[in-house]
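One structure is given here, and the rest of the page talks about it.
The values are calculated or read from the model by the stated rules, or taken from the named source; none is laboratory data. Remember, it's a predicted structure, so these values are computed and weren't measured experimentally. For neighbour counting, all protein chains shown are included, and Cβ atoms are generated from backbone atoms with ideal geometry for every residue, glycine included. Please note that ligands, DNA and RNA were not included when accessible areas were found on the heavy atoms of the full protein model with its side chains. Shrake-Rupley method; radii C 1.70, N 1.55, O 1.52, S 1.80 Å.
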Amino acid sequence: MDLGLSNRVALVAASSKGLGRGVAAELAKEGAKLVICARGSTALRDAEQTIARESGTSVVAVQADLAQQGGAEAVVQAGMDAFGRIDILVNNAGGPPAGLFEQHTMDDWDKAIHLNFRSALTLIRQVLPGMKQRRWGRILNITSIAVKQPVDNLILSNSVRAAVTGMARTLANEVAPFGVTVNNLMPGYTRTRRVEELAEAMAQQQNKEPEDIFGSWESQIPMGRLGTPYEFAGLAAFLVSERASYVTGVSIQVDGGWIRSLL
Ligand code: NAD
């Protein structure tokens, strides 16, 4: 299947590691030009060079903190300077810390909102006018399985993902007449640095080893294992492609069967 991504310009947020990097690499393989970003420079440079070498595409890497004022704007501006437009936006960021309701301060809530909700809003606000004008655009938000089934001990993440989903489902209807689609992908347990850190934190709390935590997650997943960013990226590439032109307003899980509901 030709996804029609050749020469499209894709901004993949938070993409030096993990899911974002997996999606960026997949889009590059399909011929899209890339704008990637992250806070730190080492992994970002590695992602930029590796993806450009393996795909032969143009990659612009921007060091920016999406949770800080001006961070999202700087990433979009760098993309506009390099390519003149953004056709595809994949919203992503790090995850908020684990914890129970009574363990979080109001400052923790504000930070989670800035990191996972406001960063998406800001990026969308920057790229949407151009997409509408060209009557073609793809917005894909990376949320979490928590949208369908909240994950214990992750109240910050569970709450802000729901906000992104509400915004996205409403926006999808507003921009559909302009050829712009808005969808969400919900990763299940996928082996990345974020998940390793969660396992380490939980192991410490429970006086266990991280491998015990991985084992308990694997036992909840019908596939019996965690996913990989590569497995997640295939569906992301399809949803931002030409071929997904009539798919909008959906949230789809990539979770090895973890969510048990019918829909
Ligand atoms: P990760 O820690 O492996 O990678 C996160 C990436 O985001 C890195 O490139 C990091 O540099 C970048 N980043 C973090 N904070 C940033 C900021 N403020 N500004 C710019 N860049 C930033 O994480 P991941 O596992 O790939 O997770 C990505 C998202 O998906 C997170 O929001 C996470 O909570 C969510 N998620 C992950 C899983 C999973 O199992 N991996 C499951 C559900 C939801």
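Conditions tested, residue by residue: (1) assigned to a helix (DSSP H, G or I); (2) near the ligand (Cβ under 8 Å from one of its atoms).
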{"residue": "E197", "(1), (2)": "yes, yes"}
{"residue": "Q205", "(1), (2)": "yes, no"}
{"residue": "K208", "(1), (2)": "no, no"}
{"residue": "D212", "(1), (2)": "yes, no"}
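Right, R21: in a helix (DSSP H, G or I), charged (D, E, K, R) and more than 10 Å from the ligand (Cβ to nearest atom) or not?
On the way: in a helix (DSSP H, G or I): yes; charged (D, E, K, R): yes; more than 10 Å from the ligand (Cβ to nearest atom): no.
Against the criterion (in a helix (DSSP H, G or I), charged (D, E, K, R) and more than 10 Å from the ligand (Cβ to nearest atom)), R21 does not qualify.
Considering segment 26-45 alone, what residues qualify as being open to solvent by less than 20 Å² (accessible area, probe 1.4 Å) and within 14 Å of the ligand (Cβ to nearest atom)? Working first, answer last.
Just the residues of segment 26-45 that are open to solvent by less than 20 Å² (accessible area, probe 1.4 Å), to begin with: 27-28, 32, 34-38, 44.
Selection gives L34, V35, I36, C37, A38, L44.
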Within the group T170, T181, which residue is in contact with a Lys or Arg (Cβ under 7 Å, 6 or more places away or on another chain) and farther than 19 Å from I259 by Cβ? T181
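Can you name every residue in segment 93-145 that is among the charged types (D, E, K, R), more than 16 Å from the ligand (Cβ to nearest atom) and open to solvent by less than 80 Å² (accessible area, probe 1.4 Å)?
The first filter runs over segment 93-145 and keeps only residues among the charged types (D, E, K, R), leaving 102, 107-108, 110-111, 118, 125, 132, 134-135, 138.
Narrowing further to those that are more than 16 Å from the ligand (Cβ to nearest atom): 102, 125, 132, 134-135, 138.
Within segment 93-145, K132, R138 meet the criteria.
Looking at this structure, is V160 part of a helix (DSSP H, G or I), crowded, with 19+ Cβ neighbours inside 10 Å and within 18 Å of the chain's Cα centre (by Cα)?
Working: part of a helix (DSSP H, G or I): yes; crowded, with 19+ Cβ neighbours inside 10 Å: yes; within 18 Å of the chain's Cα centre (by Cα): yes.
Criteria met by V160.
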Among the residues of segment 68-86, what is the count of those that are crowded, with 20+ Cβ neighbours inside 10 Å and either among the hydrophobic types (A, V, I, L, M, F, W, C) or in contact with a helix residue (DSSP H, G or I) (Cβ under 7 Å, 6 or more places away or on another chain) (or both)? 4
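Those residues that are among the charged types (D, E, K, R) and surrounded by 14 or more Cβ atoms within 10 Å (Cβ to Cβ), I need them from segment 213-229; list them, please. Quick ask: steps written out before the conclusion?
Taking segment 213-229 first, the residues among the charged types (D, E, K, R) are 218, 225.
Passing the criteria: only E218.
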Count of residues meeting criterion [among the polar types (S, T, N, Q), within 22 Å of the chain's Cα centre (by Cα) and outside any helix (DSSP H, G or I)] in segment 101-141: 1
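When you scan segment 3-18, do you find a residue that is in a helix (DSSP H, G or I) and either out of contact with any Leu (no Cβ under 8 Å at 6 or more places or on another chain) or open to solvent by 50 Å² or more (accessible area, probe 1.4 Å) (or both), even just one? Can you show your working first?
Quick first cut of segment 3-18, residues in a helix (DSSP H, G or I) only: 18.
Subsequent filtering for residues that are either out of contact with any Leu (no Cβ under 8 Å at 6 or more places or on another chain) or open to solvent by 50 Å² or more (accessible area, probe 1.4 Å) (or both) retains 18.
Looking through segment 3-18, at least one residue is in a helix (DSSP H, G or I) and either out of contact with any Leu (no Cβ under 8 Å at 6 or more places or on another chain) or open to solvent by 50 Å² or more (accessible area, probe 1.4 Å) (or both).
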Count of residues meeting criterion [touching a residue at least 60 places away in the same chain (Cβ under 8 Å) and of a type in the set (G, A, S)] in segment 121-155: 0
